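Below: the structure, in structure tokens.
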Amino acid sequence: MSLQHAARQALACLDLTSLNDADTPADIDALCRRAQSPHGSVAAVCVWPRFVAQARAALPTQIRVAAVANFPHGALALEPVLAEVQAIIDAGGDEIDVVLPYAALKAGQGNEVAEFLGEVRHASRPLTLKLIIESGELATPALIAKATRLGLVAGADFIKTSTGKSKVSATLAAAEVMLKEIAASGLHAAGFKASGGIRTVADAAPYLELAAQLLGPEQVTPHRFRFGASGLLNDIEAVLSGTTAAPTKAGY
């Protein structure tokens, strides 16, 4: 895969993200302007729930607005998460990226996690639900696979690697486990999202190739594949324009 081809695919599948604790309305305005690149639009912007209405008002309808819930710690307490979900819906959001209670799953509370996910899926319809399993914290292929299966059974639309806030974010090894579970599930609408630590087109290309191999090349579209990143757009634009990317502040 050429870098140009990878850059075009990554742009179309990008959730341009700002989840810094100190984000301001001015930061979100800038994010929304950047989402409409000279080379094409991103798939979505991803922000804190308090910025959903602002982002929705600033963006054309083809760019979706995503917000996070239960982020980043992934508690098992249901009521606060349902309140976040409702707030995102009420503000006009299109997608919800919710963190799976990964510590509870590691502690053997699989049934409780499954019940949690079922309630969140019910409350979040008809929005797109992306389940962040925090693969770097789960660590083992067996737990990563189990979290993926729980999400798929609950009806998550995407299974996502990471919050970007943990020590280990997206890895190709975790992505392979997750994509194999998605492919084996027979749920042809389910998608995959890689997030955390993907900053260049060269970083992104192996994930695109892996998804094409395991899901089929025709499936590597925004409907089944996403990247979550803040700085990746800089390098995408650099590759597509033949220039050098400018540095960006770290945030996701």
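The values are calculated or read from the model by the stated rules, or taken from the named source; none is laboratory data. Quick caveat: nothing in here was measured; it's all calculated off a predicted structure. Because the Cβ atoms are built from the backbone with ideal geometry, glycine has one as well, and the counts that use them run over all protein chains shown.
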Checklist outcome for this item: THR243 fails exactly one of (1) at pLDDT below 95; (2) in contact with a Phe, Trp or Tyr (Cβ under 7 Å, 6 or more places away or on another chain), namely (2)
Item to check | Options ALA205, ALA175, ALA194, ALA238; residue that is closer than 19 Å to ALA12 by Cβ, crowded, with 24+ Cβ neighbours inside 10 Å and at pLDDT 95 or above | outcome: ALA194
Checklist entry - Of all residues in the range 18-52, which are free of Cβ contacts under 8 Å to residues at least 40 places away in the same chain, under 22 Å from VAL239 (Cβ atoms) and touching a helix residue (DSSP H, G or I) at 6+ places or on another chain (Cβ under 6 Å)? => result GLY40, VAL45
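Among helices (runs of 4 or more DSSP H) lying entirely in the range 139-252, which contain 2 or more residues that are under 23 Å from GLY40 (Cα atoms) and over 15 Å from the mean Cα position of the chain (by Cα)? Explain how you work it out, then say what you get.
Values: elements: 141-154, 172-185, 201-215, 232-241.
Result: 201-215, 232-241.
Given the criteria hydrophobic (A, V, I, L, M, F, W, C) and under 18 Å from GLY92 (Cα atoms), does CYS13 qualify? Give the steps one after another, and end with the answer.
On the way: hydrophobic (A, V, I, L, M, F, W, C): yes; under 18 Å from GLY92 (Cα atoms): no.
So CYS13 fails the test.
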Next on the checklist: Being over 23 Å from ARG50 (Cα atoms), part of a helix (DSSP H, G or I) and not hydrophobic (A, V, I, L, M, F, W, C) is the filter here; which residues of the range 90-127 pass it?
Outcome noted: TYR102, LYS106, GLY110, ASN111, GLU112, GLU115, GLY118
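Please state which one of ILE63, ILE159, ILE88 is closer than 27 Å to GLY216 by Cα, of a type in the set (A, V, I, L, M) and crowded, with 24+ Cβ neighbours inside 10 Å.
Numbers: ILE63 fails: crowded, with 24+ Cβ neighbours inside 10 Å; ILE88 fails: closer than 27 Å to GLY216 by Cα.
Testing whether each residue is closer than 27 Å to GLY216 by Cα, of a type in the set (A, V, I, L, M) and crowded, with 24+ Cβ neighbours inside 10 Å leaves just ILE159.
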